[in-house]
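S.K.: My structure is below; once you've seen it, I'll send some questions.
The values are calculated or read from the model by the stated rules, or taken from the named source; none is laboratory data. A quick note: this is a predicted structure, and the numbers were derived from the prediction, not measured. Reconstructed Cβ throughout: ideal geometry from the backbone, glycine too, with neighbour counts over all protein chains shown. These accessible areas exclude ligands, DNA and RNA; they are computed on the full protein's heavy atoms, side chains included. Shrake-Rupley method; radii C 1.70, N 1.55, O 1.52, S 1.80 Å.
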Amino acid sequence: EDKVVQSPLSLVVHEGDTVTLNCSYEVTNFRSLLWYKQEKKAPTFLFMLTSSGIEKKSGRLSSILDKKELFSILNITATQTGDSAVYLCAAISGNTPLVFGKGTRLSVIA
Amino acid sequence: DSGVTQTPKHLITATGQRVTLRCSPRSGDLSVYWYQQSLDQGLQFLIQYYNGEERAKGNILERFSAQQFPDLHSELNLSSLELGDSALYFCASSVATDAPGAFFGQGTRLTVV
């Protein structure tokens, strides 16, 4: 069965800290891995990673995929209170369009 | 605004009833995906349609069904509702069949009482 596991489940940090969120996956015919930010309602797309070792960056957020070890990390530097959200990781497999992890709830306190 | 429209935003109904959730994809998108998000199960893929045809099926109960119409909007029908069906139901759309999930609608929150 396809599986995506995220850690930690929750995290509390102070503004300005750097955080690393983890995502490991076991899916059939893996194709890509996606990261989302979910605040109140709909997940907002952050990154899609298909190739190993190539970092994707958007402002203070960056992510990288390791297809040999079957994991990805999402880094957020200089965190702000607006970064508080649930971060979701999902894998595209040959069987299922998107298999989601349970998410990491990040709380950034001033 | 993702361009994916879901209606209604909220729905409260009694056990045993049937409801229909509606999704209008972004202009030009042929694929529609339905997801269920509950507190204990997280986000789970239910079903995908591409240009009117069912393309992939996930953990969708037999009491649930969906269809995509010629104008590409989609409806998710939930029948014989149970308390455990209370959840957020999301629709997402994409141009192709293999690029799911970049654009999510705002969801329909279903509460079964």
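S.K.: For the stretch B:39-49, what does the Karplus curve 6.51 cos²θ - 1.76 cosθ + 1.60, with θ = phi - 60°, yield as ³J(HN,Hα) per residue in whole Hz, taken in order and with x for Gly and Pro?
M.R.: Here the 3J(HN,Hα) series is 4, 8, 9, x, 8, 10, 6, 9, 6, 10, 10 Hz.
S.K.: Between chains B and A, what is the buried accessible area summed over both chains (1.4 Å probe, protein heavy atoms, nearest 100 Å²)?
M.R.: So the buried area, both faces added, is about 1400 Å².
S.K.: Out of the stretch A:1-100, which trypsin sites (Lys or Arg not before Pro) are coil in DSSP terms and have no more than 11 other C-beta atoms within 10 Å?
M.R.: The qualifying sites are A:Lys40, A:Lys68.
S.K.: Across chain A, how many lysine pairs, 8 or more positions apart or on different chains, have C-alpha atoms separated by under 26 Å? Please give the number.
M.R.: Taking chain A as the scope, the lysine pair count is 27.
S.K.: Separate question: Counting Lys and Arg as +1 and Asp and Glu as -1, what is the net charge of the other residues whose Cβ lies under 14 Å from the Cβ of B:Thr15?
M.R.: 0
S.K.: Taking 10 Å² as the minimum loss, tell me which residues in the stretch A:73-98 lose that much accessible area going from the chain by itself to the full protein complex (1.4 Å probe).
M.R.: The answer is A:Leu88, A:Ile92, A:Asn95, A:Thr96, A:Pro97, A:Leu98.
S.K.: How many percent of the accessible area of the protein assembly as shown is carbon or sulfur, using a 1.4 Å probe?
M.R.: 48 percent
S.K.: Which value, in Å to one decimal place, does the Kirkwood hydrodynamic radius take for the protein assembly as shown when every pair of different Cα atoms is included?
M.R.: One over the average 1/r among Cα pairs gives 17.9 Å for the protein assembly as shown.
S.K.: For the stretch B:4-69, what's the relative contact order in percent, using C-alpha pairs closer than 8 Å and at least 6 residues apart?
M.R.: Rounded, it is 21 percent for the stretch B:4-69.
S.K.: Still on this structure, I have one more. Counting pairs of alpha carbon atoms under 8 Å apart in space and at least six apart in sequence, what relative contact order in percent does chain A give?
M.R.: It comes to 38 percent, rounded to a whole number.
S.K.: Tell me whether chain B comes out rounded, prolate or oblate; compute the Cα gyration tensor, take square roots of the eigenvalues as a ≥ b ≥ c, and use a/c under 1.5 as the rounded threshold.
M.R.: Prolate shape, in that a/c is at least 1.5 and a/b is the bigger ratio.
S.K.: Based on the alpha-carbon gyration tensor of the stretch A:31-110 and its eigenvalue square roots a ≥ b ≥ c, which shape applies: rounded if a/c is under 1.5, prolate if not and a/b is larger than b/c, or oblate?
M.R.: It is oblate, given that a/c is not under 1.5 and a/b is not larger than b/c.
S.K.: Ok, one more. Can you tally the net charge around B:Ser74? Count Lys and Arg as +1, Asp and Glu as -1, for every other residue whose Cβ sits under 11 Å from the Cβ of B:Ser74.
M.R.: For residues surrounding B:Ser74, the net value is -3.
S.K.: Counting only GluC sites (Glu not before Pro) that are in a DSSP loop and have at most 12 other C-beta atoms within 10 Å, tell me the longest site-free stretch of chain B.
M.R.: The segment B:1-61 is the longest one with no such site.
S.K.: Can I ask one more? Is there a quick way to get the dipole size of the stretch B:1-80? I mean about its Cα centre, with the Cβ of Lys and Arg at +1 and of Asp and Glu at -1; what is the value in debye to the nearest 20?
M.R.: Using only the charged Cβ atoms, the result is roughly 160 debye.
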